[in-house]
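The values are calculated or read from the model by the stated rules, or taken from the named source; none is laboratory data. If you're wondering where the values come from, they're calculated on a predicted model, not measured in any experiment. A quick note on method: Cβ atoms are made from the backbone with ideal geometry, for glycine too, and the neighbour counts reach across all protein chains shown.
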């Protein structure tokens with residue numbers, strides 16, 4: 001465990017040195033957040049409720065979605081790709097430490113740095129220009145925090161599984177971009193799933209993506225009751241277990257393949 005903590009600490013220090021990336025991410029997220037806010041304000045003009053959600057709740061959804069998108073940034077796909085492209089993957093896998101554990105620790109370290117670098121500035125800008133994102137019911141805060149933690153794990157496992165394509169495709173830069181934008185759409189980060197037609201929304205709710213963004217955000221804005229939240233969180237946990245099993249299976253397959261073929 002000390003090894004992974006050291007990796008995470010090193011990543012925090014490394015992340016704090018790249019100021020240009022920090023400013024770039026803040027500007028990009030701010031543009032997306034403000035643009036989304038104007039879109040929803042225009043949609044709600046003259047309307048009280050849309051999709052059982054009022055305008056104030058939807059603006060809170062927008063600000064919190066922007067903050068959550070910062071916390072759900074992963075680099076595991078690119079780390080896997082770099083390891084494969086440089087040809088160091090075989091030696092990395094033979095080291096006395098789990099290489100995927102290293103990638104996970106690096107992402108945790110990166111997020112820790114982003115909490116101070118990106119989240120606080122974006123929260124300040126969102127509160128100043130859009131709305132202070134106050135939780136609908138403070139009693140649901142523990143459920144929201146647990147849901148966010150599980151959503152991070154689900155998102156990371158999906159990214160890791162996707163990154164393992166690099167063992168066969170080598171270069172997956174274009175696929176990473178497609179995956180990134182497709183996930184934001186299917187997860188309800190940009191447009192909540194409840195605005196989609198019933199047939200499409202039912203299909204999307206059967207996938208794990210809505211449990212990355214929409215579930216924790218729905219808890220935060222109070223769209224539903226505690227019984228519904230707990231029921232959806234059980235499904236979220238089931239998806240976590242399924243993806244965890246798929247991850248360990250895929251990890252054993254690619255590890256065996258690399259060590260047999262020699263990288």
(request) Filter the stretch 187-203 for residues that are outside any loop (DSSP other than H, G, I, E, B) and either touching a strand residue (DSSP E or B) at 6+ places or on another chain (Cβ under 9 Å) or over 26 Å from residue 34 (Cα atoms) (or both) and give the result. (result) 194, 195, 198, 199, 200, 202, 203
(message) Between 135, 130, 158, which is crowded, with 16+ Cβ neighbours inside 10 Å, farther than 16 Å from residue 240 by Cα and modelled with pLDDT under 95?
(response) 130
(request) Give 228, 236 a once-over and let me know the one that is modelled with pLDDT of 85 or more, out of contact with any strand residue (DSSP E or B) (no Cβ under 9 Å at 6 or more places or on another chain) and surrounded by 19 or more Cβ atoms within 10 Å (Cβ to Cβ). (result) 236
(message) For the structure I just gave you, tell me whether residue 248 is in a helix (DSSP H, G or I) and within 17 Å of the chain's Cα centre (by Cα).
(response) no
(request) Would you check if there is a residue in the stretch 143-154 being farther than 22 Å from residue 221 by Cβ, in contact (Cβ under 8 Å) with a residue 40 or more places away in the chain and out of contact with any strand residue (DSSP E or B) (no Cβ under 9 Å at 6 or more places or on another chain)? (result) yes
(request) From 176, 146, 97, grab the single residue that is in a helix (DSSP H, G or I) and more than 25 Å from residue 31 (Cα to Cα). (result) 146
